[in-house]
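**Student:** Sharing a structure below in structure tokens format, with a few things to ask.
The values are calculated or read from the model by the stated rules, or taken from the named source; none is laboratory data. Since we're looking at a predicted model, the values are computed, not measured. Here the Cβ positions follow ideal geometry from the backbone for every residue, glycine too, while neighbour counts run over all protein chains shown.
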């Protein structure tokens, strides 16, 4: 039997299967379908024709618009019906036609989405993706499997991200871009193939980063990508110079981390 929280309103033409957990003050509109292993946090609203299925947990105050399918099986030929999960944080908005899949057994079994994220119409989060907080996926953005997107990233409309790619915190990806390689924190990538055109200075300024710090990050960017050696070698060589500049150290740590993908650069598209 389902657990229905106080003040929840379920339209008579919606289906909530036995076993679902529905929080307080949840609103479920007509023609919605909530599966038996779903948990909806307090204050969630499913407008109409929404499917939430799989072993899916959604935090407080989500707002999900028509024709979204949340928690569907992973679109992977390796998926053999194992029970995997999708976890979504608080205060997320999913506009029309958004799709999010559960994980795969081989990928760890978990798709994880943070809080305060905005997913515009027809954007897609594939199996085993790991998303942080305060992210915007614009219309028709496609994240392939195992993608990692850090906090405050913005992806422009129609952009596509290759599987296993990482996008660093507060990066900006332009519309219709093809993201085939890792994008550094604070980076700005555009084009197909995607080219790292510089830094997301507007985003850094809006985040309250001081101009003097932005100048340091710009100088480090040039040293990393215009030096004589590879970007990774250049990044390691300048670390001691920037120990008092956390945004630069964040970029250097990102570059030094293990990854399945190459690094986006301003020149050949990868480094």
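**Student:** Would you check if residue 198 is closer than 30 Å to residue 47 by Cβ, modelled with pLDDT of 95 or more and either in contact with a strand residue (DSSP E or B) (Cβ under 6 Å, 6 or more places away or on another chain) or part of a loop (DSSP other than H, G, I, E, B) (or both)?
**Tutor:** no
**Student:** Now, a different point. Out of all the residues in segment 147-161, which are free of Cβ contacts under 8 Å to residues at least 40 places away in the same chain and either in a loop (DSSP other than H, G, I, E, B) or in contact with a helix residue (DSSP H, G or I) (Cβ under 8 Å, 6 or more places away or on another chain) (or both)?
**Tutor:** 147, 150, 151, 153, 156, 157, 158, 159
**Student:** Restricting the search to segment 218-271, which residues are more than 18 Å from residue 189 (Cα to Cα) and assigned to a loop (DSSP other than H, G, I, E, B)?
**Tutor:** Across segment 218-271, the qualifying residues are 227, 228, 229, 230, 238, 243, 244, 245, 257, 258, 259, 260.
**Student:** Okay, moving on. Answer yes if at least one residue in segment 84-96 is under 10 Å from the mean Cα position of the chain (by Cα) and closer than 22 Å to residue 58 by Cβ, and no otherwise.
**Tutor:** Restricting attention to segment 84-96, the residues satisfying the condition of being under 10 Å from the mean Cα position of the chain (by Cα) are none.
No: segment 84-96 contains no residue that is under 10 Å from the mean Cα position of the chain (by Cα) and closer than 22 Å to residue 58 by Cβ.
**Student:** Examine segment 24-43 for a residue that is in contact with a strand residue (DSSP E or B) (Cβ under 7 Å, 6 or more places away or on another chain), farther than 22 Å from residue 126 by Cβ and either in contact (Cβ under 8 Å) with a residue 60 or more places away in the chain or surrounded by fewer than 21 Cβ atoms within 10 Å (Cβ to Cβ) (or both), and state whether such a residue exists.
**Tutor:** Looking through segment 24-43, at least one residue is in contact with a strand residue (DSSP E or B) (Cβ under 7 Å, 6 or more places away or on another chain), farther than 22 Å from residue 126 by Cβ and either in contact (Cβ under 8 Å) with a residue 60 or more places away in the chain or surrounded by fewer than 21 Cβ atoms within 10 Å (Cβ to Cβ) (or both).
**Student:** With the requirement that a residue be over 20 Å from the mean Cα position of the chain (by Cα) and more than 14 Å from residue 100 (Cβ to Cβ), what does segment 47-61 give you?
**Tutor:** Passing the criteria: 47, 48, 49.
**Student:** One residue is enough: does segment 118-126 have a residue meeting the conditions surrounded by fewer than 24 Cβ atoms within 10 Å (Cβ to Cβ), touching a residue at least 24 places away in the same chain (Cβ under 8 Å), assigned to a strand (DSSP E or B) and in contact with a strand residue (DSSP E or B) (Cβ under 8 Å, 6 or more places away or on another chain)?
**Tutor:** Yes; the residues of segment 118-126 include at least one that is surrounded by fewer than 24 Cβ atoms within 10 Å (Cβ to Cβ), touching a residue at least 24 places away in the same chain (Cβ under 8 Å), assigned to a strand (DSSP E or B) and in contact with a strand residue (DSSP E or B) (Cβ under 8 Å, 6 or more places away or on another chain).
**Student:** Sort out which residues of segment 131-145 are touching a strand residue (DSSP E or B) at 6+ places or on another chain (Cβ under 9 Å) and touching a residue at least 40 places away in the same chain (Cβ under 8 Å), and write them in order of number.
**Tutor:** The one that is touching a strand residue (DSSP E or B) at 6+ places or on another chain (Cβ under 9 Å) and touching a residue at least 40 places away in the same chain (Cβ under 8 Å): 145.
**Student:** Would it be correct to say that residue 156 is surrounded by fewer than 23 Cβ atoms within 10 Å (Cβ to Cβ) and in the same structural domain as residue 70 (by TED's automatic domain parsing)?
**Tutor:** Taking the combined requirement at face value, the residue does not satisfy it.
**Student:** Being assigned to a loop (DSSP other than H, G, I, E, B), out of contact with any helix residue (DSSP H, G or I) (no Cβ under 9 Å at 6 or more places or on another chain) and in contact (Cβ under 8 Å) with a residue 24 or more places away in the chain is the filter here, so list the residues in segment 49-75 that pass it.
**Tutor:** Within segment 49-75, 54, 59, 60, 61, 62, 65, 66, 67, 68, 73, 75 meet the criteria.
**Student:** Determine whether segment 104-115 contains at least one residue that is closer than 20 Å to residue 40 by Cα, within 11 Å of the chain's Cα centre (by Cα) and assigned to a loop (DSSP other than H, G, I, E, B).
**Tutor:** The answer is yes, given that some residue of segment 104-115 is closer than 20 Å to residue 40 by Cα, within 11 Å of the chain's Cα centre (by Cα) and assigned to a loop (DSSP other than H, G, I, E, B).
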